[in-house]
Structures are given as structure tokens and as C-alpha cells.
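Right, one structure below, let's go through it.
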Amino acid sequence: MAAPITPDLLTVPRTPQEGGKPNLIGLTRDGLRAALVAAGTPERQANMRTGQVWQWLYQKGVRDFAEMTNLSKAYRALLAERFEIALPEVVSRQVSADGTRKYLVRCAGGHEVETVYIPEEGRGTLCVSSQVGCTLTCSFCHTGTQKLVRNLTAAEIVGQVMLARDDLGEWPAPGRAPKDETRLLSNIVLMGMGEPLYNFEAVRDAMRIVMDPEGISLSRRRITLSTSGVVPEIARTAEEIGCLLAVSFHATTDEVRDRLVPINRRWNIAALLEALRAYPRLSNSERITFEYVMLDGVNDSDADARRLCKLIEGIPAKINLIPFNEWPGAPYRRSPAARIRAFATIVMKAGYASPIRTPRGEDILAACGQLKSATERGRRSRASIAAEAGL
Ligand code: SAH
Ligand code: SF4
């Protein structure tokens, strides 16, 4: 079914992003304090000024130093002379028939990433990108076919959250922070373009900004980081971010996982499971989400379902079955609905919640694994993708 697509240009204020001045967005609290002191803020005022500026930026969403009215005029002028407040630029947005919004976001250097907002009953989830492209080459993932790769900065990551709030009109009036239940943007998933654990520091700093109670103030339990399995960074994620973890599992033997998620050749299923077993305790979180993309005839048999349950035995887990989302040139097909249901039944009988993820925003190529910046789209041929997938 061809659903209506409504591309339009946004009217959010555009801010420079390649000026010579340091950007205040993306600095941790300590970093912001140090920057203010370096600009001449007296040490004895530094904590207070840091708190004030922080609240303007992240609680009220202000982008102009002139609006920071509890600072003296002279201090505002000093800040404006020394710093900038720069977000990545929204080039366009598309709205799907189901309400999903996809933003094409341009960062410094002209690189583009995509950010997706998914409204649901009682909550709204923002799917945030962590890299331009991805260095990994999972054979079923569109992003993995993109050649151009660079890490996003913390400013570019937290900036995606801020520009979505701009578009949703969700900067609260002074003194009235929104309640979690009524927020339009209530959850974040690091499931956009890129492997977040290959950009650890920037992702960590951006999430710390998002979680800060004096700012955007999202609970760590409303943030889910998805990794393809960068084993050495998993414990660090628990300790330094403390968010929920999802893992792109997708196969039940090393032979198949090597093909689907090539990072498995470096850290295999056994090594991954060992790191995952420790995660709930280290992060004090309840359970891990195992993502499992359903590929016709590749990983979707009853035997796979049973092996999966056996492998993750003892790990508090939810299994998220993702019907494969096709993209131009993809070397796989989505498993039939009946096969997905049969797989889900086996998993549920073993005692695991196993929701089947409804693809969202398919008409605007916004569903899981379909993201890829327009400038890079279609560079590789179907044949080269298939060859890499070992087909
Ligand atoms: N790089 C991270 C996070 C981004 S991908 C990771 O791999 O976990 C978010 C999820 O979408 C992952 O589970 C990924 O494996 C899955 N995915 C990728 N391509 C997909 C596709 N074409 N259809 C369905 N899911 C896909
Ligand atoms: Fe990268 Fe994740 Fe796509 Fe794999 S699934 S190529 S890790 S974005």
C-alpha cells in the first residue's frame, strides 16, 4: 500500500555549527564549568553560573544568550562573544501515515544522519543515531552498507533529542517540568545509525546530559542502548551509563551469527553471553532485550527458537522479534507471519515475553535497519551485498 508521504521543511531556528567558537552543547557539567571558568567566570561563581546556563540550555531549550535573563547583560555578552549554542541542522522531515516522523539531520562537514520519532499509546520514543553510517557490516542492515563513517559528537547526539523536542513543542514552561507519563518524547532508544559502543564517550556524555535532573531529565530506565555485541564495553555501559541494554542477537549458532553480525567473529556467542549475564547486576536493571530479526529460511526455524531459549537460560530477558524490514537490494526476505508466530509461541512457552515488533514508518524507510543517508544510498550493488553476506 502506498501511504501518503508528507515531506516538508522545518522552521526550527538554524544555528551555525562550524563557527570558530566552542559549542556549549554537548559539554558535561564539569566541561561546561571548566569552559565558563576559562572564559573568565570567577571560580567562586562557577558552580552557580554553570547551573544557570545548564538550565537555560537543557530545561528551557533557549538558544540565544540574550534570553538568559537571570544573567547580567555584561555576562551574557561575554558568553556570546566566547561561545556558541549549536545544534545539528534539520534538513527535512517526513511524516509517515502512522505518525512516525523521520528527520534528516545534517552535522558538521555536511554529513547526514537520521533520527526517528515513534509515537505510541502512552509514550513516544526517539530513535537516535550515534554514528554517520556504521563500521560494522551486518548483512541485513541498510546502514551497514554505507561507506562513509564518522562518530557523532556528544553535541550531535544530544542535539537530536533537542531538535525533536523543538519539533514536538516540548520545552516546558518555567517551573513546570513535564511528567514522564505525559511526555511526547518519553523514551530514547540508541537504535538509529551506528554502533553506540564504538562511540562510547560521546554516547555516555550525551546520555548523562539527557538524564540530568536539572535538564531534560529522562530516567535511565527510559533509555535503551542497542549493541551488536561490543563485549569489552558492555560492563562499562552498566557502570558509566546505567541504561537498559538491548543486544542484536539474531542467530543461535556462531556459524550463522558470523554471517549476519560479523562482529561475532571477534566476540562469539559464548563471550557475548558471559558479558550479558553480568549486566543486570552491574546496572541494577531488570532485564535485557534480545533483538532477533526474522529472516526467511535463515534463522527462523523451531530449532532456532529452542536453541535461543537454551542459550539465554538464566538471563532475565525479553525477546523482541523484528520482522525483517526490506530495503532496496537487501539479500534477505522477511519470514512469513505464521513462521514468526510459531517462533514466538515456542519462546513464550519457555517463559519469555516475546513481542513481535510492528514495523513503524515503513513508507518513509524509517523502520529498523532501513536508515541510510540519502547521499550514500544505493552506492553498492545487490551483488556485492549478497557476496558479503556469503549468499
Ligand atoms: N548498531 C546497533 C544499533 C542500531 S540497529 C545494533 O546493531 O544493535 C537497531 C536494531 O535493528 C538492531 O537490532 C539491528 O540488528 C536491527 N536491524 C538492522 N537492520 C534491520 C532490518 N533491515 N530489519 C529489521 N531489523 C534490522
Ligand atoms: Fe551497524 Fe547495527 Fe547495522 Fe550492524 S545492525 S551494521 S551494528 S547499525
**Request:** Take Asn187 and decide whether it is more than 9 Å from ligand 2 (Cβ to nearest atom), closer than 30 Å to Arg265 by Cα, of a type outside the set (A, V, I, L, M, F, W, C) and modelled with pLDDT of 95 or more.
**Result:** no
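Could you tell me which residue of region 117-134 is least open to solvent (accessible area, probe 1.4 Å), considering only residues that are more than 16 Å from ligand 2 (Cβ to nearest atom) and of a type in the set (A, V, I, L, M, F, W, C)?
Leu126
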**Prompt:** In the set Met211, Met193, Met162, which member is at pLDDT 95 or above and touching a strand residue (DSSP E or B) at 6+ places or on another chain (Cβ under 8 Å)?
**Reply:** Met211
**Prompt:** Can you find a residue in region 95-114 that is of a type in the set (Phe, Trp, Tyr) and outside any helix (DSSP H, G or I)?
**Reply:** yes
**Request:** Among the residues of region 36-71, count how many are of a type in the set (Gly, Ala, Ser), open to solvent by less than 60 Å² (accessible area, probe 1.4 Å), more than 29 Å from Leu168 (Cβ to Cβ) and in a helix (DSSP H, G or I).
**Result:** 1
**Test: Gly378 is at pLDDT below 95, open to solvent by 20 Å² or more (accessible area, probe 1.4 Å), touching a helix residue (DSSP H, G or I) at 6+ places or on another chain (Cβ under 8 Å) and closer than 30 Å to Val90 by Cα** = no
**Request:** Identify, by number, the condition in (1) more than 16 Å from ligand 1 (Cβ to nearest atom); (2) assigned to a helix (DSSP H, G or I) that Gln160 doesn't meet.
**Result:** (1)
**Item:** Which listed residue, of Pro280, Pro359, is open to solvent by 30 Å² or more (accessible area, probe 1.4 Å) and under 30 Å from Pro119 (Cβ atoms)
**Value:** Pro359
**Only listed residue being without any contact (Cβ under 8 Å) to a residue 24 or more places away in the chain and under 21 Å from Gly361 (Cα atoms), chosen from Gly122, Gly144** = Gly144
**Request:** Please work out which one of (1) touching a strand residue (DSSP E or B) at 6+ places or on another chain (Cβ under 6 Å); (2) at pLDDT 95 or above; (3) open to solvent by 10 Å² or more (accessible area, probe 1.4 Å); (4) away from ligand 2 (no atom under 16 Å from the Cβ) is the condition Ser92 fails and give its number.
**Result:** (2)
**Request:** Tell me which of these Tyr103 doesn't satisfy, since it passes every other one: (1) aromatic (Phe, Trp, Tyr); (2) surrounded by 23 or more Cβ atoms within 10 Å (Cβ to Cβ); (3) over 15 Å from the mean Cα position of the chain (by Cα).
**Result:** (3)
**Prompt:** If Ala177 passes every condition in (1) under 26 Å from Ser96 (Cα atoms); (2) more than 16 Å from ligand 2 (Cβ to nearest atom); (3) modelled with pLDDT under 95 but one, which one does it miss?
**Reply:** (1)
**Prompt:** Of these, Ala155, Ala74, which one is small (Gly, Ala, Ser), more than 16 Å from ligand 1 (Cβ to nearest atom) and open to solvent by 40 Å² or more (accessible area, probe 1.4 Å)?
**Reply:** Ala74
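Considering only region 330-341, state which residues are free of Cβ contacts under 8 Å to residues at least 60 places away in the same chain and either surrounded by 16 or more Cβ atoms within 10 Å (Cβ to Cβ) or closer than 18 Å to Glu120 by Cα (or both).
Arg334, Ser335, Arg339, Ile340
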**Request:** Select from region 234-271 the residues that are within 13 Å of ligand 2 (Cβ to nearest atom) and in contact with a Phe, Trp or Tyr (Cβ under 9 Å, 6 or more places away or on another chain) and list them in ascending order.
**Result:** Ala246, Val247, Ser248, Phe249, His250, Ala251, Arg257, Leu260, Val261
**Request:** Show the residue pairs that are 6+ apart or on different chains and have beta-carbon atoms under 6 Å apart, the first residue being within region 253-267 and without any contact (Cβ under 8 Å) to a residue 60 or more places away in the chain, the second being basic (Lys, Arg).
**Result:** Asp258/Arg265; Asn264/Arg257
**Message:** For the structure I just gave you, tell me whether Glu291 is open to solvent by less than 60 Å² (accessible area, probe 1.4 Å), outside any helix (DSSP H, G or I), assigned by TED's automatic domain parsing to the domain that holds Cys243 and closer than 24 Å to Ala344 by Cα.
**Reply:** yes
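The values are calculated or read from the model by the stated rules, or taken from the named source; none is laboratory data. All values reported here derive from a predicted model rather than from experimental measurement. Cβ sites come from the backbone with ideal geometry, for glycine too, and all protein chains shown count toward neighbours. With ligands, DNA and RNA removed, areas are computed over all heavy atoms of the protein, side chains included. Shrake-Rupley method; radii C 1.70, N 1.55, O 1.52, S 1.80 Å.
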